[in-house]
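Chemist: Have a look at the structure that comes next, please.
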Amino acid sequence: MTETTETRTADPVATVSSTLLEARDLHVEFTSRGRRARAVDGVNLSLGAGEIVALVGESGCGKTTLARTLLGLERPTSGEVRYGGQPLKYGSKALKAYRRQVQLVLQDPTGSLNPRQTVYEAVAEGPRIHRMPDEAEVVNSALARAGLRPPERFLLRYPHELSGGQRQRVVIAGALALNPKVLVADEPVASLDASVRGEILALMLKLRDDLGLSALVVTHDLGLAWNIADRVAVMYLGRIVESGPVEQVLTAPRHPYTQALLSVLPESPERVVLTGEPPDPTRIPGGCRFHARCQILASGKAAEAGVDARCRGELLDILPASALSQAACHYADATG
Amino acid sequence: MTAPLETAEPAAAQAAAGPARLGTLRYALSKAGGALLSIGMVIVGTFFLFRLLPGDPVRNLAQGRNMTPEQLDLERHRLGLDLPLFDQFLNFIGQTLRFDLGASYEYKRPVLDLIGDRVGATLLLAGTSLVIAVSLGLWQGMRAGWRHGSRFDRFSTGTSLVLWSVPTFWLGLLLLLVFSSWFQWFPSRGIQDVDAPDGFGYVLDVAHHMVLPCIAMVGVLYAQYLLVMRSSLLDEVGQDYITTARAKGLRDDEVRKRHAVPNALLPTVTLVFMRIGFVVGGAVTVEAVFSWPGLGELFYAAIRVPDFTLMQGTFMLIAVSVILMNTLADVVYHILDPRVRSA
Ligand SMILES: Nc1ncnc2c1ncn2[C@@H]1O[C@H](COP(=O)(O)OP(=O)(O)OP(=O)(O)O)[C@@H](O)[C@H]1O
Ligand code: SF4
Ligand SMILES: [Mg+2]
């Protein structure tokens, strides 16, 4: 996470004023085998026009569930998803209209493409069911925008005839064909070769610059967040525990969990090893949800600051959807 | 791969379709070659298999009749059974290649004629049952897989597992007992009444006779189609491209019809072909239980006598048709699946 590939939108407050997609006090629960898993447990998040927000956190913390709920593929248990200032409606007509605004890119391009569809069929499917005119033209320009040039060369190919990077470009083209305002990308490069990751990320930045596309990029790679995002939100056990402009959060992390995540990067001076059980959304601890694993509490620093009792017993407020740097931590609050 | 290519070549994509087609032809030819080899092995294998079987065909023929040793020798000579084994083998191969399957000891008629008399009844019963079993099984398996865990799913899976585990002859006897002996709704044997009417009445009469054997055979076959379809649909439902399709705005039934079902059908159809042996096995048993005058019953009767030429002829015919069906399945799969096609 040493180089920045692109300049970022400068004023973080300005982005929030033009909020496009928003989660308000979002909760998503699953019941499996009689146990309630609070996969998303109170999330406020906003995504401005032309903004790229990275959502980071370890496996199982609820990133995919949050992303799917923002897309309307999952229904929230409570709270709401808002788009363009309006709450998302779940009727089939309203949802279908919403699909033209917000599109999805998944991790594994091989799985995301129907193996029996040609590139043309895959990209044309969206425009066709939304009855967009000039289907062939739409497909060609979407492929070109996704960096597959000349488009004609790819139209009749099948996914298995393409490289991993080309497949992901086809997936992106399929999303772009609907002219969306927002891309929700769930680990978009995690299954790609290191050599093509940069190219796909550069493509997303270019799409933001050329088309003003916003993106929520789910990742557990902090370096990736640094390279691509304007803002970053750190998720732990169903909730966002720290968020803010990427430089602030990643260079001066305030939440102990973010600090622990950053400490495993090669540049980091010392490594924080988290102890305790891995988080389980069916058993979210009381007090601060991170307290059983928190290195600040374990090392006695929290006790020095006099917040250890609150760490164990006092619930933290849900962070608001602010563009400013913020952390949900008693210790960070007390020490400033 | 990301550098934009300077040379625009719109023709390249179309040209790519050519070699794929050629590949299919080459594949079909190689499969046909393999099938011919297998058929050759079946013919050779049949010869030795039926020479190894215990019992002397001529002596069996003589059962119940008084024949002198001289008469037996004469009969043996007439059938070519007194020649050295190698000469018998050459004769057998030569005749088989000329589609001469010999004459039945029992019926004193060419085996091929007997088969010709019976093949229609088998095709009628097996074909009808297969069509019903495949359509019912695939449809029900599709619904069960799409809504897995639902009541419909549990009911369908439960029924098919029961039918799957019931022996065919047992199911046949149960049907006979209940619907033929008890209620007397359907005849218990044969394909037509002795005094069968003509024309449309004849068709109705045959259909009436076919109901029970058909149910027995569908009961045996359809469970596997249901279970296979259900599990291959379940495989597809978990795939990311299903999520992608939903996210593009396809309705639930559109996702099912355009993506999940076509892809799930591919492995299913192949399995349907591959397991054609089940149909053959089912037909032999069902025909025997219901005295349905088809190839299965002919084979069964030949075993009871035992009538070696007849057994050998029907056996080869059945084995060869299974090989041909499997080859057809390979080629169809190859044409339908672009991944296999270009490999
Ligand atoms: N459909 C579901 N039914 C039951 N539990 C679910 C379902 N989807 C997700 N969960 C649970 O919710 C929690 C969050 O899962 P989610 O997939 O959102 O995590 P994630 O952050 O995307 O993890 P990863 O980095 O591994 O993709 C997990 O504990 C998971 O087991
Ligand atoms: S609130 Fe306390 S336990 Fe929770 S992260 Fe902060 S210091 Fe650690
Ligand atoms: Mg995930």
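Chemist: Answer yes or no as to whether residue A:112 is in contact (Cβ under 8 Å) with a residue 12 or more places away in the chain, touching a Ser or Thr at 6+ places or on another chain (Cβ under 7 Å) and either away from ligand 1 (no atom under 12 Å from the Cβ) or at positive phi (or both). Steps first, please.
Modeler: Working: in contact (Cβ under 8 Å) with a residue 12 or more places away in the chain: yes; touching a Ser or Thr at 6+ places or on another chain (Cβ under 7 Å): yes; either away from ligand 1 (no atom under 12 Å from the Cβ) or at positive phi (or both): yes.
The answer is yes for residue A:112.
Chemist: I'd like to check which helices (runs of 4 or more DSSP H) are fully inside segment A:90-138 and have at least 2 residues that are touching a Gly at 6+ places or on another chain (Cβ under 6 Å) and more than 26 Å from residue A:48 (Cα to Cα).
Modeler: Per the criteria, A:119-129.
Chemist: Within segment A:31-47, does at least one residue satisfy the condition of being in contact with a strand residue (DSSP E or B) (Cβ under 6 Å, 6 or more places away or on another chain), in a loop (DSSP other than H, G, I, E, B) and over 15 Å from residue A:239 (Cβ atoms)?
Modeler: No; the residues of segment A:31-47 include none that is in contact with a strand residue (DSSP E or B) (Cβ under 6 Å, 6 or more places away or on another chain), in a loop (DSSP other than H, G, I, E, B) and over 15 Å from residue A:239 (Cβ atoms).
Chemist: Could I ask something else about it? Out of everything in segment B:236-251 that is out of contact with any Ser or Thr (no Cβ under 9 Å at 6 or more places or on another chain) and surrounded by fewer than 19 Cβ atoms within 10 Å (Cβ to Cβ), what residue ends up being nearest to the other protein chains (Cβ to nearest Cβ)? Break it down stepwise before answering.
Modeler: Taking segment B:236-251 first, the residues out of contact with any Ser or Thr (no Cβ under 9 Å at 6 or more places or on another chain) are B:236-238, B:242, B:245-250.
Imposing the further condition that a residue be surrounded by fewer than 19 Cβ atoms within 10 Å (Cβ to Cβ) reduces the set to B:237-238.
On the way: B:237: 13, B:238: 9 Å.
Among residues in segment B:236-251 that are out of contact with any Ser or Thr (no Cβ under 9 Å at 6 or more places or on another chain) and surrounded by fewer than 19 Cβ atoms within 10 Å (Cβ to Cβ), the one nearest to the other protein chains (Cβ to nearest Cβ) is B:238.
Chemist: OK, next. Could you name every one of the helices (runs of 4 or more DSSP H) located completely within segment A:238-310 that has at least 2 residues being surrounded by fewer than 16 Cβ atoms within 10 Å (Cβ to Cβ) and free of Cβ contacts under 8 Å to residues at least 24 places away in the same chain?
Modeler: Hits in segment A:238-310: A:246-251, A:301-304.
Chemist: Taking segment A:69-106 only, how many residues are within 16 Å of ligand 3 (Cβ to nearest atom) and of a type in the set (Asp, Glu)?
Modeler: 1
Chemist: What's the total number of residues in segment A:48-68 that are farther than 18 Å from residue A:248 by Cβ, more than 14 Å from chain B (Cβ to nearest Cβ) and either open to solvent by less than 40 Å² (accessible area, probe 1.4 Å) or more than 14 Å from ligand 3 (Cβ to nearest atom) (or both)? Full working, then the answer.
Modeler: Of segment A:48-68, the ones farther than 18 Å from residue A:248 by Cβ are A:49-50, A:58-68.
From what is left, the residues that are more than 14 Å from chain B (Cβ to nearest Cβ) are A:49-50, A:58-63, A:66.
Okay, now just the ones that are also either open to solvent by less than 40 Å² (accessible area, probe 1.4 Å) or more than 14 Å from ligand 3 (Cβ to nearest atom) (or both), so A:49-50, A:61-63, A:66.
Adding up the residues that qualify gives 6.
Chemist: Follow-up. Does residue A:137 satisfy the condition of being more than 16 Å from ligand 3 (Cβ to nearest atom), open to solvent by less than 10 Å² (accessible area, probe 1.4 Å) and acidic (Asp, Glu)?
Modeler: Considered against the rule, which asks whether it is more than 16 Å from ligand 3 (Cβ to nearest atom), open to solvent by less than 10 Å² (accessible area, probe 1.4 Å) and acidic (Asp, Glu), residue A:137 comes out as no.
Chemist: Scan segment A:94-117 residue by residue and report those that are more than 8 Å from chain B (Cβ to nearest Cβ) and among the hydroxyl-bearing types (Ser, Thr, Tyr).
Modeler: A:98, A:110
Chemist: Related question: Considering only residues that are over 20 Å from residue A:249 (Cα atoms) and not in a loop (DSSP other than H, G, I, E, B), look in segment A:311-334 and name the one that is least open to solvent (accessible area, probe 1.4 Å).
Modeler: Only one residue tops the list, namely A:311.
Chemist: Continuing with the same structure: Considering every residue within segment A:69-76, establish whether at least one is in contact with a Pro (Cβ under 7 Å, 6 or more places away or on another chain) and touching a residue at least 24 places away in the same chain (Cβ under 8 Å).
Modeler: Yes - at least one qualifying residue is present in segment A:69-76.
Chemist: Looking at A:228, A:200, which is the one that is at the interface with chain B (Cβ under 10 Å from one of its Cβ atoms), within 17 Å of the chain's Cα centre (by Cα) and more than 26 Å from residue A:129 (Cα to Cα)? Show your work before the answer.
Modeler: Working: A:228 fails: at the interface with chain B (Cβ under 10 Å from one of its Cβ atoms).
From the options A:228, A:200, the qualifying one is A:200.
Chemist: Could we say that residue A:89 is of a type in the set (Lys, Arg) and open to solvent by 40 Å² or more (accessible area, probe 1.4 Å) here?
Modeler: Considered against the rule, which asks whether it is of a type in the set (Lys, Arg) and open to solvent by 40 Å² or more (accessible area, probe 1.4 Å), residue A:89 comes out as yes.
Chemist: Let me ask you something else. Being closer than 18 Å to residue A:242 by Cα and either small (Gly, Ala, Ser) or open to solvent by 30 Å² or more (accessible area, probe 1.4 Å) (or both) is the filter here, so list the residues in segment A:15-47 that pass it.
Modeler: Correct list: A:16, A:22, A:23, A:24, A:25, A:27, A:39, A:42, A:44, A:46.
Chemist: Kindly indicate the residue of segment A:145-159 that is open to solvent by 60 Å² or more (accessible area, probe 1.4 Å) and within 7 Å of chain B (Cβ to nearest Cβ) and also nearest to the chain's Cα centre (by Cα) among those meeting that condition.
Modeler: Among them, the one singled out is A:149.
Chemist: Sort out which residues of segment B:188-221 are in contact with a Gly (Cβ under 7 Å, 6 or more places away or on another chain) and either of a type in the set (Val, Ile, Thr) or open to solvent by 20 Å² or more (accessible area, probe 1.4 Å) (or both), and write them in order of number.
Modeler: The answer is B:220, and nothing else.
Chemist: Taking the conditions exactly as written (surrounded by fewer than 21 Cβ atoms within 10 Å (Cβ to Cβ) and within 16 Å of ligand 3 (Cβ to nearest atom)), does residue A:190 satisfy them or not?
Modeler: Details: surrounded by fewer than 21 Cβ atoms within 10 Å (Cβ to Cβ): yes; within 16 Å of ligand 3 (Cβ to nearest atom): yes.
Against the criterion (surrounded by fewer than 21 Cβ atoms within 10 Å (Cβ to Cβ) and within 16 Å of ligand 3 (Cβ to nearest atom)), residue A:190 qualifies.
Chemist: Give the residue, chosen from A:174, A:165, that is closer than 16 Å to residue B:258 by Cβ, facing chain B (nearest Cβ under 8 Å) and open to solvent by less than 10 Å² (accessible area, probe 1.4 Å). Give the derivation first.
Modeler: Values: A:165 fails: closer than 16 Å to residue B:258 by Cβ.
One residue alone meets the criteria, A:174.
Chemist: So, one more: Of all residues in segment B:230-255, count the ones that are among the hydrophobic types (A, V, I, L, M, F, W, C) and closer than 13 Å to residue B:145 by Cα.
Modeler: 3
Chemist: State all residues of segment B:219-234 that are within 14 Å of chain A (Cβ to nearest Cβ) and either of a type in the set (A, V, I, L, M) or farther than 30 Å from residue B:171 by Cβ (or both); if no residue qualifies, say none.
Modeler: none
Chemist: What's the number of the condition residue B:135 fails, among (1) surrounded by fewer than 22 Cβ atoms within 10 Å (Cβ to Cβ); (2) in a helix (DSSP H, G or I); (3) touching a Pro at 6+ places or on another chain (Cβ under 9 Å)?
Modeler: (3)
The values are calculated or read from the model by the stated rules, or taken from the named source; none is laboratory data. The model shown is predicted, which means the values in this text are computed figures rather than measured ones. For neighbour counting, all protein chains shown are included, and Cβ atoms are generated from backbone atoms with ideal geometry for every residue, glycine included. These area figures cover heavy atoms from the full protein model, side chains too; ligands, DNA and RNA do not enter into them. Shrake-Rupley method; radii C 1.70, N 1.55, O 1.52, S 1.80 Å.
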